[in-house]
Structures are given as C-alpha cells and as structure tokens.
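See structure below.
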Amino acid sequence: MTGREPVKNRIFSLVFFLLAASLLLTACSPRAPSVSSTPSPITIIDSTGRTVTLQTPPQRIVIAGRAVALIADAAYLFPAALQRIVAVSGTNQGSGDFLELVDPMFAQKIAFDTNAGPEQVAAARPDLVLMKTYMAETLGRPLETLGIPVVYLDLETPEQYQRDLRILGQVFQDEARAEELAGYYQQEVDQVAAAVANTPQEQRPRVLLLYYSNRDGQIAFNVPPASWMQTILTQLAGGAPVWTDTQLGSGWNKVNLEQIAAWDADQIFVISYATDPEEVVAGLFADSQWQAMRAVQNGHLYAFPKDYYSWDQPDPRWILGLRWLAWRLHPEQFEDVDIQAAARTFFAQWYGIDEEAFDQSIQPRLRGDFE
C-alpha cells in the first residue's frame, strides 16, 4: 500500500458525505409550487348573447351551415385558423374556392355539403362549431344536444362585424388581431363617411342596387331589405336608396321592369354572384327597354365588383365594396382612389397574399367597372 492511498480514501469519504448531506437538505426543504401546464378555460359570449365555456382552447374548429364562405373568410383573417379549422362546408360561389389560395392545406381538410346534418358535422370530431345565427334551430341545437359547443355569428352589418371579429379573436385566442381588424374597418368607414358628410341628403344620388339572377333561363332582378349590408353600403357611400320606401320582405325582393323604370334612379348598380356582372351590364346596355332609362342613357349603369366573391356581401370584402361605391357616387371626393390597388393592399395585409399570388389568382377574376 502506498502512502497516497489513505489520502485518496479520505477524499472519497468527504465527497460521499457532502453528496448525502446535499440530498438530505433537498428532501427536507419546502418545495416551490409547481406551475400547471393545463390551459385555463375560456368563456365566449356569442352573437346571440349565449355564454359558451370551453375547458381548453379549441383545436378542431368546424364551420358549418349556410353562408359558410362569409364566416370562413372572416375566420381566416386570423392566422391561427390555418391550423385550427379542420372542416368547412362548401365555399365556392362559382369562381373557385378562395380558401384554397389562403390555406395551403385546404385540400386536406374535411369538406361537406352546405346542407350537411348534425351527424355529418359531429363526425369531424369538432371542439367547436361556428355557424350563422339563423342556423341555430336547424343545425345548432341538435349539435348542442350532442354536447358539441357552438358559437353563433351574425357578421351581417358593419356594427356586427366589430362585435363578431372580437368574438373570433377569443375563439382563436388572438384578441390583438381582432382589435387591429376592428380598428381597420372602423377607420375605413369613418374615412368614407367624412368624405361624403358635406353632401346634403337631398343632393345625394338616387341609387338602385339590383341583384341579377338567371335560373333555368328565368331572369330576375331583386332588391335587398333595408337592414341588409347592400342597403347599408349604399347609405354609407353617400347614396339615397330608392327601394326602401316600398314594402320589403326579409330576403331578396323580386322587382319587375316597370318598377325599375318607375324608380328612375340616377345610378343603377348590378350584382351578379353566379355570372360575370360585366357581361350582364353589357347586355342591359344593349336592351331597348333599358335604353329608355335615364341612368342608362347617362352611362350610369355599373357592374358591382367581384373576385372570387362579390364585394356587396357581408364578407370581409364589403369594405372594398364600400370604397368602390363611394368612389362611383362621389368621384370628386375620391379622385386619388385606386380601387384595384386598394384590393391588392387589402389581400396582402389581411390574408398574406403576395403580389405574385394576387396577379395569378385574384386579378384574373376581378370583374366590375373600375374605369
């Protein structure tokens, strides 16, 4: 045995003693409270005033029922929608699916018919279902009976947009984005309102806004109810809607050519969802009956713009429709407005659609009177 071995043994003993003492002190010391990784429940008050409590943030969101495109386009204003939306009813209004451009994984998501029942929706295993308020009785209540949370949205008027964007901000846990969006829409509305504010009501153009449809060869023209977005846009843009003095139903109201001529509007705007509105307007200009109308004689018959969807609807695009309509009604107040440039900025800012994607997918679909 060398003289260094006892020293080595003493060192090992000392190290062992210190290690044991450290373990003993750790065991006897009070433990710091552990931080729970369980997400807190979230509470949402939807458009109907219902309180919906979710134990965890929804990760499998389904958008179902009618007018799904209008809800889905609003939901996709939030980046988290890309990952959390797993199923969507039909969103094609005749010009393709806009969401295919926005969501690279859209083709892999569950798709079902607009008239899908609760069993089909439940099969998508949703944590939450978003739908229009008017779908509550036919689709929403049966889903609630199955224990599936449902949040109802209106998204029909500018005021409802402010509220419902904030509801979506809670759904996607992105209240900051919701406030940014609400501020943007309010600012745009305020700018148009300020520009037309000095035009007295009696001097505002008398406007007729018509929805053109051609089903099974039957051509029809329709006007919207006073409470709908199309009427509100006309008023916000500084126009006087000529159709609101008549008795109107709750949906599109069919009107005949005699009534259209009797209104004798200063300007007429034609909406067409399923066909090219420019072609519709060109056909009306060539029609001898329409040529007798003052608005047509003065060249004030216009095609309302659209890309994938028409800009008159309560879709996020309604803000573009408002600016375009105000420019048409009061060109002297909006001389510097470039509507197509505004559209390019809108899609880039809120959907992340770059210049190349806009040029390839949106620009070729743009229809309407921009000149």
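Before moving on, here are some points about what is shown:
- Taking a sphere under 10 Å around the Cβ of Trp228 and counting the other residues whose Cβ falls inside, with K and R at +1 and D and E at -1, yields a net charge of -2.
- Computed from backbone phi with θ = phi - 60° and the Karplus coefficients 6.51, -1.76 and 1.60, the 3J(HN,Hα) list for segment 301-312 is 10, 10, 8, 5, x, 7, 10, 5, 10, 5, 7, 8 Hz; x is used for glycine and proline.
- Computed P(r) (all Cα pairs; the chain; 10 Å bins; percent): 5, 20, 27, 20, 10, 4, 3, 3, 3, 2, 1, 0, 0
- Only helices enter this figure: runs of n ≥ 4 DSSP H residues, each worth -39500 (n - 2.57), summed and divided by the residues of the chain, yield -11000 deg cm²/dmol at 222 nm to the nearest 500.
- Distances between placed amide hydrogens fall under 5 Å for Phe112 paired with Val88, Ser89, Gly90, all partners being 5 or more residues away or on another chain.
- Counting Lys and Arg as +1 and Asp and Glu as -1 over every other residue whose Cβ lies under 12 Å from the Cβ of Val52, the net charge comes to -2.
- For segment 150-303, the Rg and Dmax computed from alpha carbons only, in angstrom: 18.1, 56
- Three semi-axes of the equivalent ellipsoid, segment 42-190, Cα gyration tensor, whole Å, largest first: 22, 19, 15
- Listed values for segment 355-365 are Karplus-derived 3J(HN,Hα) couplings in whole Hz (6.51 cos²θ - 1.76 cosθ + 1.60, θ = phi - 60°), namely 4, 5, 5, 4, 5, 7, 10, 9, 3, x, 8, and x replaces Gly and Pro.
- The chain: antiparallel DSSP beta bridges as a percent of all, rounded to 5: 40
- Phi-derived couplings, Karplus 6.51 cos²θ - 1.76 cosθ + 1.60 at θ = phi - 60°, listed residue by residue for segment 199-205: 8, x, 4, 5, 9, 6, x Hz, with x used for Gly and Pro.
- Local electrostatic count at Leu139 - Lys and Arg +1, Asp and Glu -1, tallied over other residues with Cβ under 13 Å: -1
- Part-to-part distance (alpha-carbon centres) for segment 60-82 and segment 91-164, which is given in Å: 7
Every read-out reported here was derived from the displayed coordinates using simple, explicitly stated rules and does not represent laboratory data. Note that the coordinates shown come from a computational prediction; the quantities given were computed from them, not determined experimentally. No Cβ is skipped: glycine too gets one built from the backbone with ideal geometry, and neighbour counts run over all protein chains shown.
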